[in-house]
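Nothing in this text is a laboratory measurement; each read-out follows from the coordinates by a stated rule. Keep in mind the model is a prediction, meaning the values are calculated, not measured. Cβ atoms come from the backbone with ideal geometry, glycine included; neighbour counts cover every protein chain shown.
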Amino acid sequence: MSAELLIASMEKLCKLHKSLYELAIKKTDIIKTGDMDALDQLLKDEQSHIAAIDRMEKERQKLAKVIVPHIDQPTVSDCIENFAAAEQEKVMNATNELIQLVLRLKEQNYLNQQLVHNSLQFVNVSMSLLWPQPENINYGPPTKSNNPYNKNAKGMFNSKA
């Protein structure tokens, strides 16, 4: 009974991660086009997916704790030892699928991060070209000498009587 629940939980996690991966691919296209409104909406959708994944992961952890109560924080590997061979294979397949999805999602998010970074660099370069840099106020040659010790300057005591 608990094996089927764990398998169902893992399959739901896979489904949610697939959906999140599809959103990450859409995000890449949106970043390329520069549509900020669509990106904002997509980020909201991503947050709801992440919240659902978090809830599902907590449910999976509770199921694992029921299966292996003597371990404080049991993993899927800890649970597999308590299943029959057919159930072990199903759980391992779901685990491997989830691992592959997470790796693909990680790569896609890294690509999106690089695209955003490059876009920000482009914006910074464009802005620096549009606005001139302020002149250096503190450093540089003096424009007019107000030095009272200047030898060429005639002061009150250097004048002829």
**Report entry** Those residues of the stretch 30-60 which are surrounded by 14 or more Cβ atoms within 10 Å (Cβ to Cβ) and not charged (D, E, K, R), in sequence order
**Finding:** ILE30, ILE31, ALA38, LEU39, LEU42, HIS49, ALA52, ILE53, MET56
Query - Residue satisfying condition, being free of Cβ contacts under 8 Å to residues at least 24 places away in the same chain and of a type in the set (Gly, Ala, Ser), within set SER2, SER48, SER9, SER19 - result: SER48
Report summary line: GLN61 meets each of (1) touching a residue at least 60 places away in the same chain (Cβ under 8 Å); (2) out of contact with any Phe, Trp or Tyr (no Cβ under 8 Å at 6 or more places or on another chain); (3) closer than 30 Å to ALA86 by Cα with one exception, condition (1)
Query raised in the report: Condition test on LEU13, is it part of a helix (DSSP H, G or I) and exposed (fewer than 14 other Cβ atoms within 10 Å of the Cβ)?
Result: no
